[in-house]
Amino acid sequence: MKFLVKFSPNYRDEDHSTVRIMSELLVGLLAVFAFSMIYYYVEYDIDYVLHGFGLILISALVAFITEAVYSFVIKKSLKSHIKNSFPFVTSVILVLSLPISTSFYAIAVATFFAIFIGKLVFGGFGQNIFNPAGVGRAVLVSSLAGSVVADVTTSATPISSIASAGWLIKDQESIRMFLEQFGGLKNLFLGWYPGAMGETSVILILLVGIYLAYRKVLDWKIPVTYIGSVFIFTSIIAVYHGIGIWYPLFHILSGGLMFGAVFMMTDPVTSPTSRTGKIIFSIGAAVLTVIIRLQANLPGGVIYSILIMNLLTPLIESITDKWSIYNVKLYRNSIIATFILGIFITFFAGMPLEAKSFEVEAPKGEVVVGEDSPLGTPIKIFKGDLSEDVVIKDTSEDGDEVTYNVEVPGYAVAEGGQPNLIEVKLNKSEKKVISVNILESNDTEGLGTKINAGNFLDQFKEVAFDDKDKEVDSVSAATVSSESVALSVEKAVSELE
C-alpha cells in the first residue's frame, strides 16, 4: 500500500479551506495597511497615501504577471493557478514589511524574487521552502538598499537608532531622550510613528492576530512562543546590564517583530506541522533574532531569522513527526533543552555589549551632548544648528544683482551623503531677495527634492533683508531639506550685509 501525502496547507472542508484561510489573512493584512495609510495622510499628505497604494498595485501586478507566465510555461489554467497560488497575499505582506519611501522599481524587483525565487522555483504554493515575502524583503535589503530610504520624515527608525547605540543604553536620562523621540513605549505600542508600513501598530497587529487565531487561520503557539522567548532572552540581558523592563519591551514593540510573528512565521507551508516542531521553530527564531540584532549589521533580524528557520524546518519536521503521542516526556525535554540553549546563546551574545553614542532628533539649536557627556550614553544631535556648515561656493555680481551659490547640508548629510547646492540672487540696493533656485539637490528623490517646487521657492522672493520674523512653510515630510534652503538664504544675506 502506498499513500500520497500532499503538501500543507491542504484543508478541504468549507470552514477550514485554504481559500477561506488565505482570504481572511488578506483582510487582516489590508486592515494593517489601512491604518498605515491613515497615519501618513493625517501626519503628512495625500502624496504618501498615493505612493503606498502605488506600491501595492505594482507589487500585485508584478506578482500576477510572474504567476501568469509560469502557468503558461507549465501549461496550466491561469484561473486555476492564480486561485490556488495566492500571489496577492505575498504582495501585501512584502509591501507591509517595507517603508513607504520604497521606490516602485525596488518593489517590482523584490516582488519578482518573492514570487519566482521564493515560491515558483520550488514547484509553486505549498512546496516552497522559504517564506516568499521574506525572500523578497531580504533581496531588497541586501541588493537594493539604496531604493529603500528613510527620510519620509526627519527621524530615524527605532531599530536603526538603537543599533547606532550598540543595542545598549544605560543612563536613565539617555533612555528617556531615546524613547521620547518615538513618543515613548506607549506610542510604539499604538504605532503613531513612521516605519515599515506594517510594523508600527502593535495593538492593531495583536487584535488582528487574536482574531485570526480564533478563526484558526494561524496557530497561536508560534507567535506566543516566539514573542515570549524574545522577551525572556532580552530580559536576562537587561538584568545583567542593570537596565529596566523597557529594554525587552522595546525589542518586542519595534523592528517588525510583532508583524513577523503574526503574519510570516505562522505560514503553514514553511513552518513545522507538529506541535513540538512549532515550538522549537519559534524558540530558534527568537534566538536568531536576538543574536542578529545584537551582533550583526542587519535590520531588525526578524526576516533573516525566519528564513534561516525555514531552512531548518524539514530537519525539525523529520525529527519531531516520528515522536508518538505517548512520548510526552520527549516533547517536554526537547523543548526545555532548546530553550535553555537559547538562554545561554543569547546571554553570551548580550554580555559584551557596550553603550555607544547615538543620534536623536532635536529642535534646531538644542545643546549637543558629546562623547564627554556625564550621561551614561553619549548623544549626538544630528539636527542641531547647521549654520556653521553653510558655505559660499561661488559669487558673481551684475550691477545691483549679486548671486551666491551656497552649499548647505540637507537630510542626505545626516545619512552620510552630499550637501545641497542652492543659488540665491539678491538685490543689494533694495536689500531684497530676488530669487532662489536649487542647483543640486542630493536629498531623496521624490521627497526631499520637492524643495524644487515653485510654490515653495516663491516664498523667498521679495523678502526684505530686515524681515527678521519671516515665516516659511516647509515642504511636507521634507523639513530638513526645507530648512537647508532657508539657511542658504540667511547665509547669502549675512554675506552681503
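Each reported figure results from applying straightforward, stated rules to the coordinates on display, with no laboratory input. Because the structure is a prediction, the values reported are computed rather than measured. All Cβ positions, even for glycine, are placed from backbone atoms using ideal geometry, and neighbour counts span all protein chains on display.
Taking amide hydrogens as modeled 1.01 Å from N in the peptide plane, which residues meet the under 5 Å criterion relative to residue 301, leaving out close sequence neighbours?
Amide H neighbours of residue 301, under 5 Å, 5+ apart: none.
Among 105, 48, rank each residue by its count of other Cβ atoms within 10 Å, from fewest to most, as a rough exposure measure.
Listing 105, 48 from fewest to most nearby Cβ atoms yields 105, 48.
Could you put 273, 102, 289 in order, starting from the residue whose Cβ has the fewest other Cβ atoms within 10 Å?
In increasing order of surrounding Cβ atoms, one gets 273, 102, 289.
Would you kindly derive the ³J(HN,Hα) couplings of region 343-350 from the backbone phi angles with the Karplus curve 6.51 cos²θ - 1.76 cosθ + 1.60 (θ = phi - 60°), listing them in order in whole Hz, with x for Gly and Pro?
4, 5, 5, 5, 5, 5, 6, x
How about region 196-305: which trypsin sites (Lys or Arg not before Pro) there are in a DSSP loop, with at most 15 other Cβ atoms within 10 Å of their Cβ?
Numbers: sites: 215, 216, 221, 275, 278, 293; in loops: 215, 216.
For trypsin sites (Lys or Arg not before Pro) across region 196-305 that sit outside H, G, I, E and B with at most 15 neighbouring Cβ atoms in 10 Å, the list reads 215, 216.
How big is the gap, in Å, between the Cα center of region 64-129 and the Cα center of region 182-260?
28 Å
Applying a 10 Å radius around every beta-carbon, put 26-35, 235-244 in order of their mean neighbour count, most first.
Listed from highest to lowest mean packing, they are 26-35, 235-244.
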